[in-house]
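Here the structure is laid out as structure tokens; the discussion comes afterwards.
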Amino acid sequence: MRIQNKIVLGIAIALAITSAASPQTRRVPVPVTPDEVGMTIALQVAGQPYHFEGKAACQHAPLASIYNVMAEMWSLRQIDPQRAVTLTLWHPRKMSSDMFLLSVQTGNKGYIVDTMSSGKGSSAVSSGKVSFTTSGAGGTFTIDAKTRDGAAITGTIKCSAFTAPIAEGG
């Protein structure tokens, strides 16, 4: 009887260890930070819809700098366990065209649109346009862009408001 109990106990422990060590997909909720505001995303990414409505980061700096060029900057970030969208839009004060960096991650596919140019002989690796219209404390970004490989990303991202970014680099 004692040996039988030890065998049963040993099997139970082995099963508990095995099930605890087995890979499991757990979706961990991304915490909402105090700087997050209402965001609505309605995009088509390489022909596939990307929709989101909830809290995410929308930031605006009326005075910022990119490649030593003074510019107004907007930055957006929506991330959940299986997908993400980030957008940084720069409106230089002394240049005619805006620059932006857009990244969309869906599952195991990533798309990047980079129209950034340092003005020192470098050229952008993607094409497109992002326009911005204000609405109260927030605004809407309208996107019409293509990745280097020709994948189209079109649609809108709406922010209910903007917070101030934390300066990097001191």
Which pairs turn up if I take residues in region 147-159 that are of a type in the set (D, E, K, R) and look for partners that are surrounded by fewer than 21 Cβ atoms within 10 Å (Cβ to Cβ) and part of a strand (DSSP E or B) with beta carbon separation below 7 Å, at least 6 apart in sequence or on another chain? LYS158/THR40; LYS158/GLY138; LYS158/THR140
Scan region 30-39 and tell me whether some residue there is at pLDDT 90 or above, of a type outside the set (Asp, Glu) and in contact with a His (Cβ under 8 Å, 6 or more places away or on another chain). no
Show the residue pairs that are 6+ apart or on different chains and have beta-carbon atoms under 8 Å apart, the first residue being within region 86-108 and over 20 Å from GLY155 (Cα atoms), the second being small (Gly, Ala, Ser) and part of a loop (DSSP other than H, G, I, E, B). MET95/GLY119
List the number of the failed condition for ASN108; all other conditions in (1) at pLDDT 95 or above; (2) within 18 Å of THR147 (Cα to Cα) hold. (1)
Please verify whether PHE52 is modelled with pLDDT under 95, within 19 Å of the chain's Cα centre (by Cα) and either assigned to a strand (DSSP E or B) or β-branched (Val, Ile, Thr) (or both), treating the condition exactly as stated. no
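The values are calculated or read from the model by the stated rules, or taken from the named source; none is laboratory data. Just so it is clear, the model here is predicted, and its values are computed rather than measured. So basically every Cβ, Gly included, is an ideal-geometry build from the backbone, and we count neighbours across all protein chains shown.
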